[in-house]
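Take a look at the structure below.
The values are calculated or read from the model by the stated rules, or taken from the named source; none is laboratory data. In this text the structure is predicted, and so the values were computed from the model without any measurement. Positions of Cβ are backbone-derived with ideal geometry, glycine not excepted, and every protein chain shown enters the neighbour counts. Heads up: the accessible areas ignore ligands, DNA and RNA and are worked out on the full protein's heavy atoms, side chains in. Shrake-Rupley method; radii C 1.70, N 1.55, O 1.52, S 1.80 Å.
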Amino acid sequence: MKSPLLSLPGAVPAEGHDEGVAAHYGDLFREQRALADGTGLVDLSHRGVVTITGDDRLSWLHLLLTQHVSDLPPGQATEALILSAHGHIEHALYLVDDGATVWAHVEPGTQEALIAYLESMKFFYRVEVADRTEEFAVVHLPAGSIAPAPEGVAVRETAHGRDLFLPRADLDSYAAEHGPAIGILAYEALRVEAHRPRLGFETDHRTIPHELGWIGTAVHLQKGCYRGQETVARVHNLGKPPRRLVFLHLDGSEVHLPGPGTPVRLASEGAEGRQLGFVTTSARHHELGPIALALVKRNVPADAELLAGDTAAAQELVVEP
């Protein structure tokens, strides 16, 4: 869905996963600084919005998700995953319950597959699942923002800011009153800085939660059974994940950023050395310069200098080896 905020002056459309919203509005670093200072808003209206209603909504979701949600208090934000039977990540949900409805936003275009799975698991539970993407737009207010949430709007408040489930018809007027609008590239740069993984960026078909540091934030280790739990428990108790997420400080003298999928190798082996991982997301940060997240093999030494393509990279631990 194309956002009405793409008609604002200076708006440059995003591409790929984030098509439908603005990449930026003409000044990427100014937009990052505004977010870091707690001002402006990010248009995330391309993300899917799913609601779950009914008396059994929390107890039912508790059986399906990696997170403990059976006693989730109204207004408390959380995040959760849905795993395959082998423990691989299939969906990531960003949730809040308002006392009557669970609101979740998910990666663009994933809501249909998510809803199909949820519908297949309803059985006799008193729940209703709905795709609300055409009616509601997600708007992110950074931590420290004093912009109010309109009355009656569901809000997810986290350490990184607030996500509003705003009626789509109100997106234009809300942005005009509480902007400036900030593009997705600035939001992504701060996400990379905060080492926060994203489905479809830091994940592939075989990613398990331990590799990305999602244990604890999106996976509760003491809750009951759910699909994929055996893998989660086995890796946590008996072993280590095969890969680990790292944060990379990239050589700032390079003109081009290494894009997603760029091979990561040991600097000591050069550009023709063994591939030990790959870049998942890269960004230009207003203070840190070029940065990236990457998935590398667990046994890569934590102090090793790396190459992302032909760009020198110093690693910072996200997940312990």
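The strands (runs of 3 or more DSSP E) falling completely within segment 207-288 that include 1 or more residues that are open to solvent by 60 Å² or more (accessible area, probe 1.4 Å) map to 243-250, 277-285. Cβ-Cβ contacts under 7 Å between residues 6 or more apart (or on different chains), taken from a first residue in segment 214-238 that is without any contact (Cβ under 8 Å) to a residue 24 or more places away in the chain to a second residue that is in a helix (DSSP H, G or I), are listed as 215/209; 215/236; 221/236. Scanning segment 25-48 for residues that are crowded, with 21+ Cβ neighbours inside 10 Å and touching a helix residue (DSSP H, G or I) at 6+ places or on another chain (Cβ under 7 Å) returns 25, 31, 32, 35, 40, 41, 42, 43, 45, 46, 48.
Scanning segment 63-76 for residues that are closer than 16 Å to residue 214 by Cβ and crowded, with 18+ Cβ neighbours inside 10 Å gives 65, 66, 67, 69. The condition (being in contact with a Leu (Cβ under 8 Å, 6 or more places away or on another chain) and of a type in the set (Val, Ile, Thr)) is satisfied by just one residue among 300, 255: 300. Considering each residue of segment 155-170, count those that are free of Cβ contacts under 8 Å to residues at least 40 places away in the same chain and among the hydrophobic types (A, V, I, L, M, F, W, C), and give that number. Residues flagged as free of Cβ contacts under 8 Å to residues at least 40 places away in the same chain and among the hydrophobic types (A, V, I, L, M, F, W, C) within segment 155-170 amount to 4. Scanning segment 27-42 finds one or more residues that are under 20 Å from residue 199 (Cα atoms) and either touching a Gly at 6+ places or on another chain (Cβ under 6 Å) or touching a residue at least 60 places away in the same chain (Cβ under 8 Å) (or both).
Whenever a residue of segment 294-321 is assigned to a strand (DSSP E or B), its partners that are open to solvent by 40 Å² or more (accessible area, probe 1.4 Å) and of a type outside the set (Gly, Ala, Ser), lying with C-beta atoms within less than 6 angstrom and at least six residues away or across chains, give the pairs 307/265; 311/251; 311/254; 312/251; 314/249. Among the residues of segment 126-153, which ones are in a loop (DSSP other than H, G, I, E, B), surrounded by fewer than 16 Cβ atoms within 10 Å (Cβ to Cβ) and not hydrophobic (A, V, I, L, M, F, W, C)? Hits for segment 126-153 are 126, 134, 135, 144, 148, 150, 151, 152.
Of all the residues in segment 154-196, those that are surrounded by 17 or more Cβ atoms within 10 Å (Cβ to Cβ), of a type in the set (A, V, I, L, M, F, W, C) and within 19 Å of residue 77 (Cα to Cα) number 5. Going residue by residue through segment 224-238, is there one that turns out to be more than 23 Å from residue 191 (Cα to Cα), touching a strand residue (DSSP E or B) at 6+ places or on another chain (Cβ under 8 Å) and among the hydroxyl-bearing types (Ser, Thr, Tyr)? Yes - at least one qualifying residue is present in segment 224-238.
When residues in segment 92-139 are screened for being more than 26 Å from residue 43 (Cα to Cα) and in contact with a Ser or Thr (Cβ under 6 Å, 6 or more places away or on another chain), 1 of them pass. Inspect all residues belonging to segment 181-193 and state whether any of them is part of a loop (DSSP other than H, G, I, E, B), touching a Leu at 6+ places or on another chain (Cβ under 8 Å), touching a residue at least 60 places away in the same chain (Cβ under 8 Å) and farther than 29 Å from residue 86 by Cα. Yes, some residue in segment 181-193 is part of a loop (DSSP other than H, G, I, E, B), touching a Leu at 6+ places or on another chain (Cβ under 8 Å), touching a residue at least 60 places away in the same chain (Cβ under 8 Å) and farther than 29 Å from residue 86 by Cα. Number of residues in segment 83-118 that are among the charged types (D, E, K, R) and either touching a helix residue (DSSP H, G or I) at 6+ places or on another chain (Cβ under 6 Å) or crowded, with 18+ Cβ neighbours inside 10 Å (or both): the value is 3.
For segment 159-180, the candidate set comprises residues that are farther than 30 Å from residue 259 by Cβ and in a strand (DSSP E or B); within that set, the residue that is nearest to the chain's Cα centre (by Cα) is 162.
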